Structure formats: C-alpha cells, structure tokens
Amino acid sequence: MTATSGTVWDDVVGQPDAVRVLQRAASDPAAMTHAWLVTGPPGSGRSVAARAFAAALQCRGAAPGTASGTSPGPAPGCGRCQECTTTLAGTHPDLTVVATEKVVITIDEVRDLITQASRTPSVGRYRVIVVEDADRMAERTTNVLLKSIEEPPSHTVWVLCAPSVQDVLPTIRSRCRTVGLRVPPPQDVADLLVRRDGADPGLALDAARAAQSHVGLARRLARDPEARSRRTAVLEVARRIRGVPDAVLAAAELVEVAKAEATAATAERDATEKAELMRALGVGDGDTLPPKLRSQLKHLEDDQKRRATRRQRDVLDRAMVDLLSLYRDVLVVQLGAEVELVNAAHADVVRALARDATPEQTVRRMDAIGTARERLEGNVAPLLALEAMAVALRPQG
Ligand SMILES: [Zn+2]
C-alpha cells in the first residue's frame with residue numbers, strides 16, 4: 001500500500017509477491033513473457049490481477065514524480081493515463097477479456113481469439129487477451145490455443161486464469177509463466193471495501209471474514225442487506241434442524257433459495273441474449289420464429305439452462321461453505337482455540353451449537369457437509385445430496 005498506492009495495482013488485494021513479478025515484467029520489455037497463467041483460489045482476485053497487469057502493459061503514464069511523457073515509467077500502471085483507465089474499464093481497443101459464465105469455452109470462441117491475437121495493436125503497446133476461466137476449455141479446444149501460445153506474435157500477451165496449475169493441461173502450463181495468488185488476509189479485503197465502496201469498517205471486516213476473503217462475496221455482503229440476510233438464513237438452518245422432518249424441510253428450503261438466487265441473477269441477461277439473437281436472425285418483436293431458425297434458439301436456451309444449473313450449484317456450494325465455516329467456528333469454541341471466528345457476527349448460533357454437541361460430533365457434521373459438496377460436484381441431484389447432509393446435522397442423542 002506504499003509504492004503502488006493510487007495505481008492500477010490498488011485493487012489487487014494482499015498479493016505483494018504477485019504484484020512485484022507482474023510489475024517487473026510490464027516495466028522491462030526485454031524480460032517480457034508472452035503467455036501467463038494466473039492461479040489462485042476463487043475470490044483471490046485472479047481477474048483483477050490480470051486486468052491490472054493488462055493496464056500496466058499498456059500504460060503510457062510517467063513514473064510518479066517525473067514529467068508526463070510517452071515512455072513508460074519504472075513502475076507502469078499509473079492508473080491515470082487513458083491506457084490504464086480504459087483497460088481497467090474493459091474498453092481498451094487492444095484488450096480482449098473472455099469472462100465466461102458458461103460451462104465451457106467453445107472451440108469457435110478460441111479460434112476467434114487467435115484471430116484477434118494475430119492483429120497488430122491499434123493504439124496500445126500490446127494486444128492483451130485475458131481468459132478468465134482457462135480451465136473451462138475442452139482438451140481439443142486447448143490444442144487449438146496451444147500454437148498461438150507457443151509462438152505468439154511479439155505484440156501479443158496471453159493472460160490465462162485458473163484456480164490452480166493442475167486445472168490447466170500440462171501442454172498449456174508448460175508454455176506459460178505462472179503467477180500464484182494467495183487468499184488475502186480479511187483485513188486487507190476490508191480495507192479495500194472501505195476505500196473503494198465507502199463501506200463501514202466494522203461491517204466490512206465482518207463481511208470479509210464471513211466471505212473468507214473472497215473479495216466479490218465480501219463486497220456483496222457489505223453492500224447488500226439481502227445477501228447478508230440470505231447468509232444468516234443459511235446459518236440459522238443449522239440451529240433449526242431438530243429431527244429428520246426438519247432436516248428434509250431445510251434441505252428443500254436451501255435448494256429453493258439457491259434456485260431463486262440463480263434465476264434472479266441470470267433472468268435479465270437471458271432475456272437480453274434472446275433479444276439479441278432474434279435481432280441477429282432478423283426476427284422482429286412479436287414475429288414468430290420461422291421453423292428453420294428454431295434450432296438456433298434452442299441452442300441458446302440450452303446454453304442458458306446449463307448456465308442456470310451451474311449457477312444454482314455454485315450458490316448451493318457457497319451455502320455449504322458458509323455452513324462449514326459455522327461448524328469450524330463451533331469446533332474452535334469447543335476446543336477453546338485462540339482463533340478469530342469466521343462468523344463473529346453470529347456468535348450466538350455458534351455458542352448454542354457448541355453447547356449441544358461434542359467436538360467429535362462437530363467433526364462428523366463437517367464431514368457430512370464435505371461429502372454433500374463432493375456429491376453435488378459429481379452431479380448428484382441437489383435435493384438428495386442436501387437431504388443426506390441435513391439429516392446428519394441434526395442433534396444426536
Ligand atoms: Zn497509466
């Protein structure tokens with residue numbers, strides 16, 4: 001927060017080592033690598049780091065303290081020049097960001113990227129292509145990408161992001177320079193929310209802890225009272241389950257909440273996409289779709305359905321991570337460990353659960369949540385996975 005204050009690196013929270021590497025690469029074209037792999041757990045800020053790096057690569061601002069000029073300063077990424085601001089806003093003409101909520105990145109999308117990568121930059125120093133979920137590519141698609149990454153034009157920089165190195169095929173990762181992000185400390189995340197969003201410091205720290213330093217989630221929790229009450233509702237489920245009937249009800253409720261949240265998040269976008277497709281197909285408002293174009297619409301609807309399903313599973317998984325954090329706190333209290341509670345704001349629930357069980361029982365409940373997460377990941381029907389979990393959460397004896 002010293003050397004980089006007021007720059008594009010500001011939002012790359014709690015990652016001094018990664019920032020140092022990326023800054024150095026951007027300031028020394030001779031040491032430049034044309035393919036990067038940014039890894040880090042969800043919420044660690046992979047895409048934020050990738051964009052900051054892209055901005056630093058394009059930056060034409062001068063180093064602090066020198067007169068403005070066209071040559072980049074020793075610490076590029078001034079955050080003020082047009083290259084920086086448009087890159088961060090995602091509107092720089094030489095920046096392409098593939099931010100996908102789809103299950104997979106298609107081979108056609110990758111071919112399109114490769115075409116873009118081959119073009120000379122129009123105004124910037126480089127053509128930068130950021131792929132936010134490089135792990136969502138089938139092997140065949142990856143192979144198409146390989147050649148461009150292997151011998152990229154000198155003006156092109158690929159920045160691939162993935163949760164871990166193992167999520168990317170060895171052929172790709174061996175050609176990339178890797179930068180690993182860590183889970184940032186909650187206080188760093190809280191500071192960011194206070195600085196960027198003007199959040200209340202206490203609320204920001206609660207949110208950062210509750211989100212276990214996932215920056216996006218923490219921001220939502222700090223900003224959106226409904227997100228906070230949804231999370232509280234999930235934690236309350238743990239206290240409400242007394243017997244099997246409660247457990248079955250609670251599971252159904254969790255699935256419903258996830259479905260509602262997933263729908264709310266995607267409905268608007270689905271409608272826009274459909275309208276765009278209809279326009280592209282030359283079908284006016286209120287016209288019926290000619291039969292031979294129906295497959296196009298079906299294709300889109302299938303995509304949207306997959307996206308909704310994925311989102312619902314993500315929401316459910318997050319609910320389970322919240323529950324897991326609750327029982328982790330319960331265990332902390334039961335063992336008398338001197339560690340901060342993730343759910344300090346729900347200390348009453350934590351204490352009540354700690355009184356009613358032994359540490360062994362708490363560990364078994366955590367295992368049940370872990371199992372449910374695995375089953376959900378393995379495409380078991382959400383209700384089934386959650387019922388089994390909820391039943392295991394009920395008080396014993
Ligand atoms: Zn700049």
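Tabulated data for the structure shown
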| read-out | value |
| --- | --- |
| Total residues in region 249-265, condition in contact with a Ser or Thr (Cβ under 9 Å, 6 or more places away or on another chain) and within 11 Å of Leu383 (Cβ to Cβ) | 0 |
| Number of the exception - Ala308 against (1) over 23 Å from Ala204 (Cα atoms); (2) touching a residue at least 40 places away in the same chain (Cβ under 8 Å); (3) more than 20 Å from the chain's Cα centre (by Cα) | (3) |
| Output for region 26-59, where each listed residue is within 16 Å of the ligand (Cβ to nearest atom) and buried (at least 20 other Cβ atoms within 10 Å of the Cβ) | Ala26, Arg51, Ala52, Phe53, Ala54, Ala55, Ala56, Leu57, Gln58, Cys59 |
| So Ala49, is it hydrophobic (A, V, I, L, M, F, W, C) and either touching an Asp or Glu at 6+ places or on another chain (Cβ under 7 Å) or modelled with pLDDT under 90 (or both) | no |
| Residue within region 283-290 that is charged (D, E, K, R) and in a helix (DSSP H, G or I) present | no |
| Residue check, Gln334 over 23 Å from the mean Cα position of the chain (by Cα) and crowded, with 18+ Cβ neighbours inside 10 Å | yes |
| Test: residue in region 288-299 that is small (Gly, Ala, Ser) and surrounded by 17 or more Cβ atoms within 10 Å (Cβ to Cβ) | no |
| Any hit, region 125-142, residues being aromatic (Phe, Trp, Tyr) and under 21 Å from the mean Cα position of the chain (by Cα) | no |
| Selection status of Glu253, assigned by TED's automatic domain parsing to the domain that holds Met389 and more than 21 Å from the chain's Cα centre (by Cα) | yes |
| Out of Asp322, Asp285, sole residue that is touching a residue at least 40 places away in the same chain (Cβ under 8 Å) and either closer than 30 Å to Pro359 by Cβ or not basic (Lys, Arg) (or both) | Asp322 |
| Check on Ala204, in contact with a Leu (Cβ under 9 Å, 6 or more places away or on another chain), small (Gly, Ala, Ser), free of Cβ contacts under 8 Å to residues at least 40 places away in the same chain and in a loop (DSSP other than H, G, I, E, B) | no |
| Cross-chain or 6+ apart pairs with Cβ under 7 Å, region 364-386 first and in contact (Cβ under 8 Å) with a residue 12 or more places away in the chain, then β-branched (Val, Ile, Thr) | Pro382/Val255; Leu383/Val255; Leu386/Val255 |
| Residue in region 275-294 that is under 28 Å from Arg230 (Cβ atoms) and among the β-branched types (Val, Ile, Thr) present | no |
| Qualifying residue in region 252-271 (condition: outside any helix (DSSP H, G or I) and surrounded by 14 or more Cβ atoms within 10 Å (Cβ to Cβ)) | no |
| Residue match in region 67-77 (condition: within 16 Å of the ligand (Cβ to nearest atom), modelled with pLDDT of 90 or more and part of a loop (DSSP other than H, G, I, E, B)) | yes |
| Identity of the residue in region 78-123, among the hydrophobic types (A, V, I, L, M, F, W, C) and under 18 Å from His34 (Cα atoms), that ends up nearest to the ligand (Cβ to nearest atom) | Leu95 |
| Any hit, region 351-362, residues being within 24 Å of His214 (Cα to Cα) and surrounded by 20 or more Cβ atoms within 10 Å (Cβ to Cβ) | no |
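The values are calculated or read from the model by the stated rules, or taken from the named source; none is laboratory data. Quick caveat: nothing in here was measured; it's all calculated off a predicted structure. Neighbour counts run over all protein chains shown; Cβ positions are idealised from the backbone, glycine included.
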